[in-house]
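Each remark here refers to the structure printed beneath this line.
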Amino acid sequence: MPQKISAPNEDSLLTEAISRAMIGLYGDFYDHDRTTATTYINDNVVVCVLENILSIDETQQIAHGHSGDVIDGRVAFQEGAEDEFTAAIESLTGRKVIAFLSANQTAPGVACELFFLDSKAPAGGATGA
């Protein structure tokens with residue numbers, strides 16, 4: 001999980017935890033441990049970029065001209081695993097996921113998991129006057 005932050009802080013610990021969770025979900029389903037991830041958080045948006053996502057079977061399918069089948073399988077996986085992905089983000093951030101988007105590309109084997117979160121609670125639980 002590439003992180004270019006020299007000293008751990010709350011944000012870097014969260015992005016690393018999200019990256020680990022996404023790698024774990026991919027690893028559980030695709031049964032390989034080559035995938036790497038980098039996570040970015042900006043306000044209400046979490047973006048996790050995953051690399052080296054393709055399984056050996058998918059790589060062989062692509063070599064035989066079936067990259068469309070690989071993408072179709074990936075889309076079906078994301079639709080079926082949406083609850084697990086959003087639950088991981090909600091658990092780690094303490095915020096509700098209000099939208100989830102996923103994109104995959106076979107050359108190179110990369111994916112992007114995009115989560116939109118609900119608004120942050122006001123600091124100290126204060127209400128507007």
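Quick notes
- Semi-axis lengths, Å, the chain, gyration tensor of Cα atoms, sqrt of 5 times eigenvalues: 31, 16, 11
- Rounded to 10°, Cα long-axis angle of helix 10-30 versus longest principal axis of the chain: 30 degrees
- For the chain, excluding the exposed loop sites themselves (trypsin sites (Lys or Arg not before Pro), DSSP loop, at most 13 other Cβ atoms within 10 Å), the longest remaining stretch covers 5-95.
- Here the residues V97, V70, V45, ranked from fewest to most Cβ neighbours within 10 Å of their Cβ, fall in the order V45, V97, V70.
- Fewest-first ordering of I62, I53 by other beta carbons within 10 Å of each residue's beta carbon gives I62, I53.
- Cβ crowding within 10 Å, taken as a proxy for footprinting-reagent exposure, orders C112, C48 from fewest neighbours to most as C112, C48.
- ³J(HN,Hα), Karplus 6.51/-1.76/1.60, whole Hz, each residue of the range 39-56, x for Gly, Pro: 10, 10, 10, 9, 6, 9, 10, 10, 10, 10, 9, 10, 10, 6, 8, 6, 7, 4
- Projected label distance in nm at I56 and T36, using a 7 Å step from Cα toward the beta-carbon: 2.2 nm
- Calculated FRET efficiency, N44 to I71, Cβ-Cβ distance, R0 = 25 Å: about 0.35 to the nearest 0.05.
No lab work stands behind these numbers, since they all come straight from the coordinates. Predicted model only: the values in this text are computed from it and were never measured. In this analysis, Cβ positions are derived from the backbone assuming ideal geometry, glycine residues included, and neighbour counts consider all displayed protein chains.
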